[in-house]
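Notes for the one structure printed next.
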Amino acid sequence: MFSLKQKNKSIANLDNFFNTIDKAVIVFKEGVQNYLLGKTEDFNNNLETINSLDIEAGILRRKIETNLYSQTALVRSSGDIMRLTTSMYHIINIMHESLFQFEIEVPYILTELNDDFIKLTNLSTAAAECVIPIAKAYFNLPETVNDKIHRVYFYEKETNKQAQALKRKIFHEINKLKLSEKIHLRYFALHIENISKAAENVADQLSVMAIKRNF
């Protein structure tokens, strides 16, 4: 797929890009948990780290795009790859912005909702964790892509179920919060849920790209 001259450089940039997003997933999960547990110093460290990872991912994305423009062997597939890196970058961008919103808006989350938010976070990020190795597989074993994508769709559906359950609990069972506070929590639940939706979008793209490449 890649010209011999640029192959190693292109693969290295793509691997680093995907690995950077993978690291951000871990940091995001830790960040949400540290916020819920009131571990301010650890949470602030998570903010610094995910900000650095977001910047790094942006730099790598631009390098990948530059390489694509310089490789005639990739003219036919460059559009697909650029759309893929854009969608993958959207995942880290959602996590980056969401974590900083915790710091900026300081949502009041009752301790009894901690487990619900942690479960939502784990399910949503699981979809992202699953799509990363599938993206890598596209460049090496494209025929295996559609065999692995079902896990992303599974976690997206489970995330949606958990998000609905959490929102229902907030509005129907919790009487200690004002309506404005409930709406605020729904907003944060939605942003966490959007990680899995972004991963699902990447899975859809990879499925189509794999079919096109195999033919």
* Structure fact -> LEU120 fails exactly one of (1) over 25 Å from LYS176 (Cβ atoms); (2) touching a Leu at 6+ places or on another chain (Cβ under 9 Å), namely (1)
* Structure fact -> Scanning the stretch 168-194 for residues that are surrounded by 18 or more Cβ atoms within 10 Å (Cβ to Cβ) and among the charged types (D, E, K, R) gives GLU193
* Give ILE94, ILE149, ILE132 a once-over and let me know the one that is in contact with a Phe, Trp or Tyr (Cβ under 6 Å, 6 or more places away or on another chain), crowded, with 17+ Cβ neighbours inside 10 Å and in contact (Cβ under 8 Å) with a residue 24 or more places away in the chain. => ILE132
* Just a yes or no: is a residue in the stretch 9-20 surrounded by 20 or more Cβ atoms within 10 Å (Cβ to Cβ), modelled with pLDDT of 95 or more, in a helix (DSSP H, G or I) and touching a His at 6+ places or on another chain (Cβ under 8 Å)? -> no
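Which residue out of LEU36, LEU99, LEU68 is within 15 Å of the chain's Cα centre (by Cα) and either over 30 Å from LYS9 (Cβ atoms) or among the aliphatic types (A, V, I, L, M) (or both)?
Answer to the selection: LEU99.
Based on this model, can you work out whether GLU65 counts as surrounded by fewer than 17 Cβ atoms within 10 Å (Cβ to Cβ) and either among the aliphatic types (A, V, I, L, M) or at pLDDT 95 or above (or both)?
Numbers: surrounded by fewer than 17 Cβ atoms within 10 Å (Cβ to Cβ): yes; either among the aliphatic types (A, V, I, L, M) or at pLDDT 95 or above (or both): no.
Taking the combined requirement at face value, the residue does not satisfy it.
The values are calculated or read from the model by the stated rules, or taken from the named source; none is laboratory data. Just so it is clear, the structure is predicted and the values come from calculations on it, not from any experiment. Note that we place each Cβ from the backbone using ideal geometry, even for glycine, and neighbour counts take in every protein chain shown.
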